[in-house]
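> Handing you a structure now.
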Amino acid sequence: MRIGVGYDSHRLVAGRRLILGGVDIPFPKGLLGHSDGDVLCHAVIDSIIGALGIGDIGGHFPDSDPRWKDASSTEMLKYIVELAGASGYEVTWIDSIVIAEKPKLAPYIESMKEAMSAACIPAGIISIKAKTDEGMGFVGRGEGMAAHAVCLLKKRRF
Ligand code: MG
């Protein structure tokens with residue numbers, strides 16, 4: 001078994017779609033990033049990279065790489081889950097937290113699980129929790145969003 005912890009944060013700006021957990025959420029601002037800025041997917045990807053012990057997300061998805069420019073982060077997630085598979089590990093469980101002051105995310109949680117499962121994480125092994133930071137800090141001021149994730153990988157028996 002391997003565990004990994006992941007974290008990410010992105011700035012909220014006008015003129016971008018808000019994509020969280022692979023779901024397009026109606027909101028006047030979106031997350032700035034080289035890809036679609038999906039902070040939740042990035043935290044999950046970071047946790048899997050950590051469990052594999054293969055560096056960090058910037059090393060696998062550099063800002064300079066045109067392949068991931070405006071990419072869907074669910075595609076990035078698929079890529080890293082497949083990399084784990086190629087290394088002999090299967091994702092067994094993911095727990096995650098997305099922290100956003102607005103909008104209310106509860107109505108989108110099930111859709112996020114479905115979208116992330118479709119990106120080749122087996123259904124039923126991902127937990128997503130949403131919370132605010134009660135008005136404190138950069139999240140509380142609406143300047144950005146953050147996410148944390150923990151994953152458990154299991155080595156396949158050959
Ligand atoms: Mg990111």
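> Between V98, V91, which is within 21 Å of P26 (Cβ to Cβ) and either hydrophobic (A, V, I, L, M, F, W, C) or free of Cβ contacts under 8 Å to residues at least 60 places away in the same chain (or both)?
Step by step, each of V98, V91 is checked, and only V98 is within 21 Å of P26 (Cβ to Cβ) and either hydrophobic (A, V, I, L, M, F, W, C) or free of Cβ contacts under 8 Å to residues at least 60 places away in the same chain (or both).
> Give just the number: which of (1) open to solvent by 50 Å² or more (accessible area, probe 1.4 Å); (2) in a loop (DSSP other than H, G, I, E, B) does P62 not satisfy?
With (1) open to solvent by 50 Å² or more (accessible area, probe 1.4 Å); (2) in a loop (DSSP other than H, G, I, E, B) applied to P62, the lone miss is (1).
> Looking at this structure, is W93 away from the ligand (no atom under 16 Å from the Cβ) and either at pLDDT below 95 or open to solvent by 40 Å² or more (accessible area, probe 1.4 Å) (or both)?
So W93 passes the test.
> From D36, D70, which residue is open to solvent by 50 Å² or more (accessible area, probe 1.4 Å) and either among the acidic types (D, E) or within 16 Å of the ligand (Cβ to nearest atom) (or both)?
Residue meeting the stated conditions: D70.
> Here are the criteria: (1) more than 13 Å from the ligand (Cβ to nearest atom); (2) over 18 Å from V91 (Cα atoms). Tell me which single one G58 does not satisfy.
In the conditions (1) more than 13 Å from the ligand (Cβ to nearest atom); (2) over 18 Å from V91 (Cα atoms), G58 misses (1) alone.
> Okay, next question. Name the residues in the stretch 1-17 that are more than 13 Å from the ligand (Cβ to nearest atom), small (G, A, S) and closer than 16 Å to I54 by Cα, would you?
If the condition is that a residue be more than 13 Å from the ligand (Cβ to nearest atom), small (G, A, S) and closer than 16 Å to I54 by Cα, then G4 is the only one that fits.
The values are calculated or read from the model by the stated rules, or taken from the named source; none is laboratory data. Here the structure is a predicted model, which means the values were calculated and not measured. Reconstructed Cβ throughout: ideal geometry from the backbone, glycine too, with neighbour counts over all protein chains shown. We work out accessible area using only protein heavy atoms, side chains counted, and drop any ligands, DNA or RNA first. Shrake-Rupley method; radii C 1.70, N 1.55, O 1.52, S 1.80 Å.
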